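What follows is a single structure, written as structure tokens, with notes after it.
The values are calculated or read from the model by the stated rules, or taken from the named source; none is laboratory data. Since we're looking at a predicted model, the values are computed, not measured. For neighbour counting, all protein chains shown are included, and Cβ atoms are generated from backbone atoms with ideal geometry for every residue, glycine included.
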Amino acid sequence: MEKNEKIKEEKYLTGEARERRLAELREKYELDMASAIWNGLEKGKEEGKREVKINTAKALLNKKFSYDFISEITELSIDEIKKLEN
């Protein structure tokens, strides 16, 4: 009986270690997914801000504002603004 109990104990410990490892992997996966989502949101925000700057610069170009003024307002370089004219 002692031998069977030892085998059961070893299986239990192995199962416990397996469950712990699965839990660790699950947690890592969830953290990785949360990080990926956060990074995607941040990237989207930055792209959105840039798009607003470009649209603002285009509108100001159409109203014939100077490159310096547009650059000051949008924080785009004068070269970037000139490229928007083409």
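Quick one: what pairs do we get from the range 39-52, first residue within 18 Å of I81 (Cα to Cα), second of a type outside the set (A, V, I, L, M), C-beta under 9 Å, 6+ apart or different chains?
Every condition considered, the pairs that remain are V52/T74.
Going by the structure shown, is Y12 among the hydroxyl-bearing types (S, T, Y) and at pLDDT below 95?
Yes, satisfied.
Going through the range 66-82 one residue at a time, which ones are surrounded by 12 or more Cβ atoms within 10 Å (Cβ to Cβ), among the polar types (S, T, N, Q) and touching a helix residue (DSSP H, G or I) at 6+ places or on another chain (Cβ under 8 Å)?
Selection gives S71, T74.
Yes or no, residue by residue, for (1) among the hydrophobic types (A, V, I, L, M, F, W, C); (2) over 16 Å from the mean Cα position of the chain (by Cα); (3) exposed (fewer than 10 other Cβ atoms within 10 Å of the Cβ):
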{"position": "L25", "(1), (2), (3)": "yes, yes, no"}
{"position": "K28", "(1), (2), (3)": "no, yes, no"}
{"position": "A36", "(1), (2), (3)": "yes, no, no"}
{"position": "N39", "(1), (2), (3)": "no, no, no"}
{"position": "K43", "(1), (2), (3)": "no, no, no"}
{"position": "K53", "(1), (2), (3)": "no, yes, no"}
{"position": "T56", "(1), (2), (3)": "no, yes, no"}
{"position": "K64", "(1), (2), (3)": "no, yes, yes"}
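For the range 29-38, indicate whether the set of residues that are at pLDDT 95 or above and under 26 Å from I81 (Cβ atoms) is non-empty.
So far as the range 29-38 goes, no, none of its residues is at pLDDT 95 or above and under 26 Å from I81 (Cβ atoms).
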